[in-house]
Amino acid sequence: MPDIDLITLVLLIGAGLIAGWVDAVVGGGGLIQLPALMLVPGIAPLQALATNKIASIMGTSVAAVTYARRVRPDPMTALPLAGTALAGAIVGAIIAASIPAQAFTPIILVVLIGVGTFTVLKPKLGVHARRRWHGWRHATAAGAIGAVVGVYDGALGPGTGSFFVILIVSVLGYAFMPASALGKIANLCTNLGALIFFIPAGHVLWPLGIAVGVANLVGGYLGARMALSRGNRFVRVVFVAVVAALALKLAYDLLITT
C-alpha cells in the first residue's frame, strides 16, 4: 500500500462518490474512478484495476438492491443475464492475460460512437417498454447479452454498465430505467467474476478500496434513488452524456498513444 496524502485521498473519495452515482443511473462510472486510481503514484495498473473492482462492487450492490426493491426485475431476464455475465467475466479475465488491452480501444471507440448516434437519432428508444420476445427466446437473448458484455468487462471494462443498458433496451425492448436495474445486477456479477482472479493474486489494496468503495456506495444509493424518481427520460439523457464522455476519453487515449 503506497503512502497517500490527505488531499489525494479526499479527491479519490470524491471520484468514488461521483462514479457511484453515474454507475447507478446508467453505468460508466469506471470512466471516472479507474483513471483517478491509476494517477496515484506507486499504484501499479493491475492494483488499480483490482482496487477499482472492490470499490465498484460496493456501489453496484447497493444500487442493485435499491432498484430491485422498486422495479422488481423479471427473473426470466435477470437470471440468465447475471449468470452468463459472471461466467463471461471469468473468461474475459483469462483472455486479458494474453491479449493487450490496446487492441480493443479502437473497436470500442467505434462501437461507442455508433451507440451514442443510434440513441440520439431514436428519441423514443427506451422511453417505453416494448418487449420483443417472451419465454425461452427472451431468456436466450438475455443470456447472450450477459455473456458478451461479461467477456468485455473481464478483458477490458470501460463502459460496461452502459453497454448492458443499451443492449437491454435495444435488443430486449426494455425502457431505460428497468434496463438500468437489470444492468446493475449483471454488472455486480461481472465484478464478482473479476475479483475471483484479483483477490487470490493479492492485487487488491484493501484500505484504499474500502475507503473509495464507501463513497461509491453512497453515490450508488443516491443515483439509484434519483433515477427512480426522475424516470426513463432522465436516465436516457444521462446515458447519452456518459457515452459521449467515454468516447472522448477513449479517443484522447488513442491519440496520445499513437
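Against the main long axis of the alpha-carbon atoms of the chain, helix 176-201 sits at an angle near 40°. Each of 195, 147, 129 was scored by the projection of its Cα onto the charge dipole of the chain, and the greatest displacement toward the positive side belongs to 129; charges sit on the C-beta of Lys, Arg, Asp and Glu. Note on segment 6-256: dipole from Cβ charges, positive end direction compared against 251, 21, 78; the farthest Cα belongs to 78. Between residue 257 and residue 171, the simple spin-label model (points 7 angstrom out along Cα→Cβ) gives 2.5 nm. Measuring from a point 7 Å past the Cα of residue 118 along Cα-to-C-beta, which residues in segment 166-187 have an amide N at less than 20 Å? Residues 166-184, 186-187 qualify, since their backbone N sits under 20 Å from the label point. Note that segment 53-58 has calculated 3J(HN,Hα) couplings of 5, 4, 5, 5, 5, 5 Hz, one per residue in order, obtained from phi through the Karplus relation 6.51 cos²θ - 1.76 cosθ + 1.60 (θ = phi - 60°); glycine and proline are x.
Using a cut-off of 13 Å between beta-carbons, work out the net charge of the residues near residue 131 (Lys and Arg +1, Asp and Glu -1, residue 131 not included). Walk me through the numbers on the way to the answer.
Values: positive: 130, 132, 137; negative: 74.
Once positives and negatives cancel, what remains is +2.
3J(HN,Hα) along segment 8-18, derived from phi through the Karplus expression 6.51 cos²θ - 1.76 cosθ + 1.60 where θ = phi - 60°, amounts to 4, 5, 4, 5, 5, 5, x, 5, x, 5, 5 Hz, with x in place of Gly and Pro. For segment 224-258 versus segment 45-81, the inter-centroid distance based on Cα atoms is 18 Å. Between helix 232-256 and the chain there is an angle of about 40 degrees, using the helix long axis and the longest principal axis of the Cα atoms. With R₀ fixed at 35 Å, the C-beta to C-beta distance from residue 248 to residue 76 puts the FRET efficiency at about 0.45. Taking Cα atoms only, the orientation of helix 135-155 departs from the longest principal axis of the chain by about 20 degrees. Each of the trypsin sites (Lys or Arg not before Pro) that DSSP puts in a loop and that has at most 11 other Cβ atoms within 10 Å breaks the chain; the longest unbroken stretch is 132-258.
All of the numbers you see were taken from the coordinates with simple rules; none came from a lab. What you are looking at is a predicted structure, and each value in this text was computed from that prediction instead of being measured. Cβ: placed from backbone, ideal geometry, glycine included. Neighbour counts: every protein chain shown.
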